[in-house]
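Working notes for the structure below.
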Amino acid sequence: TADTELSIGEKIKLPILVYHIVRPSYPDDSDGVRALAQTPEVFDAQMQYLRDAQYHVISFSDLEKYFQHGNPLPSKPIIISFDDGWINQFIYAFPILKKYHYTATFFIFTNPIGHHGFMSWGNLAELRDADMTIASHTLSHPFLTKIPDEHTLWNEIYRSKKIIESKLGITVNEFAYPFGLYNATTTALVKKAGYACGRGDAISGEQSVNRIYKLSALNTPTTLAAFKERF
């Protein structure tokens, strides 16, 4: 059953998972990679755990409609998201998402699309056609809070949206701040650019309507044991 009685300022428990790398591990992987990487086997086991624990995977659009219109949400809702647009997400995670009939949001920064290690527009179109959400993660993945020039900021936030929309024939409603960092200027520009929400830092697994442009997300634990403990 869904609780549709939330009012502004109240919170809903809804973890937003962030994945970066899903691929086999290599002996020479750096500590930085290991901190962000799931093997396909671990990712599959985590998806199975969500099913066994009776989580219901929803989209950002479902959350937006809940806050805007009171549309009901399922019990134990959770959102799955991927950052950056790495090709390993398409090769290894996408088939597993399809196996469990889960939707996910792929936050893409547009400059490297089609370059080595990153997805192509064809890959992104395939995700789109499988009911995945393609969303914006800027043009170049900068530290937005360190850019003093508002024109440059606007380009990063707005042009990335327009590029994805024109290439894929979709409306891009979701934005993820690189490194999860934002300030009053960046959130105002994300709203001005026409996004319906912004995904930010790892504060908690709770969301509220007055933080729709500062949604809390969580870098996903890289082992099944830590994942079960967290969720």
Bridge orientation stat for region 72-151 from DSSP, antiparallel percent rounded to 5, came to 10 percent
Calc'd 3J(HN,Hα), region 159-166, phi into Karplus 6.51 cos²θ - 1.76 cosθ + 1.60 (θ = phi - 60°), Hz, glycine/Pro = x, comes to 5, 4, 4, 5, 5, 4, 4, 6
Kirkwood Rh for the chain from C-alpha pairs, in Å, is 17.9 Å
So, with points 7 Å from each Cα along the Cβ direction, the H101-E126 label distance in nm works out to 2.3 nm
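Once fully extended, how much extra length lies between H69 and A188, figured as 0.36 nm per residue of separation less the alpha-carbon to alpha-carbon distance?
Working: separation 119, 0.36 × 119 = 42.84 nm, distance 2.20 nm.
So the extension gain works out to 40.6 nm.
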Which of D28, D201, D44 fluctuates most in a GNM of the chain (C-alpha springs under 10 Å)? That residue is D28
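Less than 13 Å Cβ to Cβ from T105, Lys/Arg counted +1 and Asp/Glu -1: what total charge do the surrounding residues give?
Values: positive: R128, R199; negative: D62, E64, D83, D84, D131, E174.
Taking every other residue near T105 into account, the sum is -4.
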Along region 14-19, Karplus-curve 3J(HN,Hα) (6.51, -1.76, 1.60; θ = phi - 60°) to the nearest Hz, with x for Gly and Pro, reads 8, x, 10, 7, 10, 10
Under 5 Å from the placed amide H of I134, counting only residues 5+ away or on other chains, we find F106
Scan of the chain for GluC sites (Glu not before Pro) in DSSP loops with at most 14 other beta-carbon atoms within 10 Å gives a longest site-free stretch of 11-231
HN-Hα couplings for region 206-223 via Karplus (6.51, -1.76, 1.60; θ = phi - 60°), in whole Hz with x for Gly/Pro, come out as 10, 10, 9, 4, 7, 10, 5, 9, 9, 5, 7, 10, 10, 4, 6, x, 8, 10
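Is the shape of region 124-231 best called rounded, prolate or oblate, per the rule: a/c under 1.5 gives rounded, else a/b larger than b/c gives prolate, else oblate, with a ≥ b ≥ c the square roots of the Cα gyration tensor eigenvalues? Don't jump to the answer; show the numbers that get you there.
Numbers: a/c = 1.90, a/b = 1.24, b/c = 1.54.
Oblate, since a/c reaches 1.5 and b/c is not below a/b.
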Amide H neighbours of C197 at under 5 Å, excluding residues fewer than 5 places away on the same chain, with H built from the backbone geometry, are F175
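Between D201 and W154, what FRET efficiency comes out of the Förster formula 1/(1 + (r/R0)^6) with R0 = 35 Å and r the beta carbon distance, rounded to 0.05?
On the way: r = 22 Å, r/R0 = 0.62.
In this case the efficiency is close to 0.95.
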For G114, other-chain or 5+-apart residues with amide H closer than 5 Å (H placed, Pro excluded) are M119, S120, W121
For R23 the rounded accessible area (nearest 10 Å², probe 1.4 Å, non-protein molecules ignored) is 40 Å²
Site S140, offset 7 angstrom along Cα→Cβ, radius 19 Å on amide nitrogen, limited to region 74-89, gives 84-85
Distance in Å, no decimals, from the C-alpha centre of region 98-155 to the one of region 174-216 is 16 Å
Under the rule rounded for a/c under 1.5, else prolate if a/b exceeds b/c, else oblate, using alpha carbon gyration tensor axes a ≥ b ≥ c, region 60-116 is classed as oblate
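The values are calculated or read from the model by the stated rules, or taken from the named source; none is laboratory data. These figures come from a predicted structure and were not determined experimentally. Here Cβ is always computed from backbone atoms with ideal geometry, including for glycine, and neighbour counts include all displayed protein chains. Note: accessible area is taken over every heavy atom of the protein model, side chains too, but ligands, DNA and RNA are not part of it. Shrake-Rupley method; radii C 1.70, N 1.55, O 1.52, S 1.80 Å.
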